[in-house]
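Everything below concerns the one structure shown next.
The values are calculated or read from the model by the stated rules, or taken from the named source; none is laboratory data. Worth saying up front: this structure is predicted, and the values here are computed from it rather than measured. Counting neighbours? That spans all protein chains shown, and the Cβs are built from the backbone with ideal geometry, glycine included. With ligands, DNA and RNA removed, areas are computed over all heavy atoms of the protein, side chains included. Shrake-Rupley method; radii C 1.70, N 1.55, O 1.52, S 1.80 Å.
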Amino acid sequence: MNPLPEAELYEESLGYWPYRLSLELVTAKVLERTPLNGSVLDIMCGPGYLLGKLQEGRSDLWLTGMDLDKRYVRFGRDRYLGVEFFVGDVLNWQPRRLFDTVVCTGSLHHVPYAQQEAAIANIASMVKPGGVVVISDCYVEDFNTETERRLAASRLGYEYLLEAIRNGATDQVIKWTIDILYNDVLKEEFKTSLKQRLEPLQRHFGSVITIQPWPDHDSGYGDYIHICTPK
């Protein structure tokens, strides 16, 4: 597997990928849905980019991030003062308290297919009754065979690469975008289809509303956001 980059490159890339549209919309939804002086947990938060945007938008929020990568947690602690960060695994980490809003953006595809529903179930356990969970991810077209999965992964990766180049991405960002395509096709990462993701979401939440920020047409692949309420 080509490893994840350093935090600075990770955050730089978000400005060139179509996924920036999802992050903007997730930020708006969280700021809108979280009550005054409310608490927000970002699961698999990476270097903390989204938490920084939430901190800019509302100073009253109590913000917490968790990620498995110690490099990213160190970066977040240094850059986003006032945000609490933890090292943990989405499959078994549990917070000390429940949160008004829980988010997980662009991350569940790092979890092996057989464990993704367990990750979703753990995320669902972290939100208060009456709260909201916002999950977003990149999806490939639906597939039934390994060949279909590889073809679907290559199409999404190619479209992401095209978009990064159109947006003027630097050579470093383009290289990492190619690495993502490599990891997806060779099943070093585990992107699934929208249909396959919706089924476990519907089992673990009372309601699921889905939005597609990119592309702007019914493509079968792309970036989707799920606004979920607990059972």
Restricting attention to segment 102-153, report how many residues are under 18 Å from Lys187 (Cβ atoms) and of a type in the set (Ser, Thr, Tyr). 5
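Considering only residues that are of a type in the set (A, V, I, L, M, F, W, C) and either open to solvent by less than 30 Å² (accessible area, probe 1.4 Å) or in a strand (DSSP E or B) (or both), which ones fall in segment 10-43?
Leu14, Trp17, Leu23, Val26, Val30, Val40, Leu41, Ile43
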Looking across segment 44-73 at residues that are touching a residue at least 40 places away in the same chain (Cβ under 8 Å) and over 15 Å from Val133 (Cβ atoms), the single one that is most open to solvent (accessible area, probe 1.4 Å) is Arg71
Anything in segment 191-207 that is open to solvent by 40 Å² or more (accessible area, probe 1.4 Å) and over 14 Å from Tyr113 (Cα atoms)? List them, or say none. Gln202, Arg203, His204, Gly206, Ser207
When restricted to Asp137, Asp100, the only residue closer than 18 Å to Lys29 by Cβ, open to solvent by less than 10 Å² (accessible area, probe 1.4 Å) and of a type in the set (D, E, K, R) is Asp137
Any residue that is within 16 Å of the chain's Cα centre (by Cα) and either on the phi > 0 side of the Ramachandran plot or among the aromatic types (Phe, Trp, Tyr) (or both) - is there at least one of those in segment 124-145? yes
Among (1) closer than 30 Å to Gly15 by Cβ; (2) among the polar types (S, T, N, Q); (3) crowded, with 16+ Cβ neighbours inside 10 Å, which single condition is Asn122 missing? (1)
Is there a residue in segment 85-108 that is within 24 Å of Gln196 (Cα to Cα), assigned to a helix (DSSP H, G or I), at pLDDT 95 or above and touching a strand residue (DSSP E or B) at 6+ places or on another chain (Cβ under 9 Å)? yes
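Starting from residues that are among the hydroxyl-bearing types (Ser, Thr, Tyr) and not in a helix (DSSP H, G or I), keep the ones in segment 49-72 and report whichever is farthest from Leu23 (Cα to Cα). Show your work before the answer.
Taking segment 49-72 as the starting set, the residues that turn out to be among the hydroxyl-bearing types (Ser, Thr, Tyr) are 49, 59, 64, 72.
Imposing the further condition that a residue be not in a helix (DSSP H, G or I) reduces the set to 59, 64.
Working: Ser59: 19, Thr64: 17 Å.
Applying the filter and picking the extreme gives Ser59.
Give me the residue from segment 161-190 that is of a type in the set (Asp, Glu) and in contact (Cβ under 8 Å) with a residue 24 or more places away in the chain and, out of that set, most open to solvent (accessible area, probe 1.4 Å).
Here the residue is Glu188.
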